[in-house]
Every structure is written in structure tokens, then in C-alpha cells.
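I have placed the structure first, in the form of C-alpha cells, so that the comments after it can refer back to it.
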């Protein structure tokens, strides 16, 4: 008889993950700036696991992917992946998620079977930092209204303490100090939270009215001297002509 070769298309059996969980290992949010933390993504009941790719996302950007090609169990298994993060203040509110994808090739489902985790939002705590940390020297006229701005950024929001020998009343927890008149001297503002504290100084100097009078006297004297010289020269020329 005739030899007939039959090609049978075999679709590999697979088990789409039951669920994908993301968590912060041995910790709960919030986290502290500059410290190391591990995020963990767990995939439950997936097969064949050697075709699994686990992708990590920060926002919409993929930051890492993990394959399990070294594993080859025939039955559904549970696997996990970890991601090391060292958050800074710019990461406050960052959202992480992971996505499990079974890549079975052309014989598998198209697009590939995927399951996503929930979003894990990271709250980052950091010590206070002044917008303008440099010492400020202010020369003001007497009885001039002014403002001392000690605003700092921190999480949790910082608490403020002002110290100066010129402050008659306690001015605690005010980022901005306003007054119709500040006496000359040094005003120190300290911003603090549970992660640290920073201080900033304001040096106030009054413009003396005496200095203004002296300046006016000098200018007047110079003008008078010039006028006397001109008068003397004009008088001499007049006598010489005559």
C-alpha cells in the first residue's frame, strides 16, 4: 500500500497562573530613603514553568525580567522572583507590579497567556532638606516689615523650631516667620522629623540712620568744595581780564 505520513499538530498543555502576588519582603510601607529593600513576586500554579517569564515594572517601564528555563517539572508549581530597590525621595509614590507570561511559541496561545499582579505603591520617608540651605544675611531699615522663610521638604512633614534672643514669644512649628519689626541678631530655624533634622540661620542687620546722614554730609561737602573751587577760579579769571 501507499505510505501516508500524517502530521499532527500538538498544542502543549499549559496551566495559566492562578494568581500573581507582589509584596515587600519582611517590611511594610513606608520605607526609608537610602536603605535596601526586596520586593517579591509570587506566581502560583503555573506550568510548564520553564516557559515562564516574569517581568518587573516600575510605572510603565520594565526594570527586570526573570526566566525559569532551568526548571522542568511536569506539574503546576509555585515560583517567585525578588527585586532589590534602594529608594530615594524621588521614588515616593512609585508604583511597582509584576507580570507572568507563558511563552509557548507559535504552538501556544496568541497573544501569550499573561497574569498581572496588583500595583504596589511605595511611600518613601526622608529627612528634611531646605530649598535654600545657605545662611541669609538681611540688611533692613528700622521698622521694616519682613519675612523669614525656613520652608523644608521632608516626609513626614517637618516640625519647625525658631530660636533667638530677640524672640519674645515662642514661634514653634512655623515654616515662615513674619513680623512688623525684627531686632538685629541671629535667628536659627530647625526643621526635624523622625529621620533627622537640619538648621538654618538668618542674620538681621539694621541700616543705621546715622550712616545715611554721614553719607549725605559727605556728598554735600564734596559738592560745596567743587562750588568753592569754581567760584575762586572764576573770580581769578575776572581780575586777570580787568
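The values are calculated or read from the model by the stated rules, or taken from the named source; none is laboratory data. As the structure is a prediction and not an experimental result, all values here were calculated from the model. Reconstructed Cβ throughout: ideal geometry from the backbone, glycine too, with neighbour counts over all protein chains shown.
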**Item:** From 184, 133, 156, residue being loosely packed, with under 15 Cβ neighbours inside 10 Å, touching a residue at least 60 places away in the same chain (Cβ under 8 Å) and not assigned by TED's automatic domain parsing to the domain that holds residue 33
**Value:** 133
**Asked** Among the residues of the stretch 147-169, how many are closer than 20 Å to residue 128 by Cβ and over 27 Å from the mean Cα position of the chain (by Cα)?
**Response** 2
**Request:** Would you check which residues across the stretch 136-152 are without any contact (Cβ under 8 Å) to a residue 60 or more places away in the chain and either part of a strand (DSSP E or B) or surrounded by fewer than 12 Cβ atoms within 10 Å (Cβ to Cβ) (or both) and list them?
**Result:** 143, 145, 146, 147, 148, 149, 152
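Every residue, every condition in (1) part of a strand (DSSP E or B); (2) modelled with pLDDT of 95 or more; (3) over 27 Å from residue 29 (Cα atoms), yes or no:
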{"residue": "55", "(1), (2), (3)": "yes, yes, no"}
{"residue": "74", "(1), (2), (3)": "no, no, yes"}
{"residue": "82", "(1), (2), (3)": "yes, yes, no"}
{"residue": "87", "(1), (2), (3)": "no, yes, no"}
{"residue": "96", "(1), (2), (3)": "yes, yes, no"}
{"residue": "99", "(1), (2), (3)": "yes, yes, no"}
**Count of residues meeting criterion [closer than 14 Å to residue 146 by Cβ and part of a strand (DSSP E or B)] in the stretch 163-181** = 4
**Asked** From 111, 157, 133, which residue is closer than 25 Å to residue 21 by Cα, modelled with pLDDT of 80 or more and not in a strand (DSSP E or B)?
**Response** 111
**Prompt:** Across the stretch 21-45, what is the total count of residues that are outside any strand (DSSP E or B), without any contact (Cβ under 8 Å) to a residue 40 or more places away in the chain and in contact with a strand residue (DSSP E or B) (Cβ under 7 Å, 6 or more places away or on another chain)?
**Reply:** 1
**Request:** Tell me, yes or no, whether the stretch 205-219 has at least one residue that is in contact with a strand residue (DSSP E or B) (Cβ under 6 Å, 6 or more places away or on another chain), modelled with pLDDT of 75 or more and surrounded by 13 or more Cβ atoms within 10 Å (Cβ to Cβ).
**Result:** no
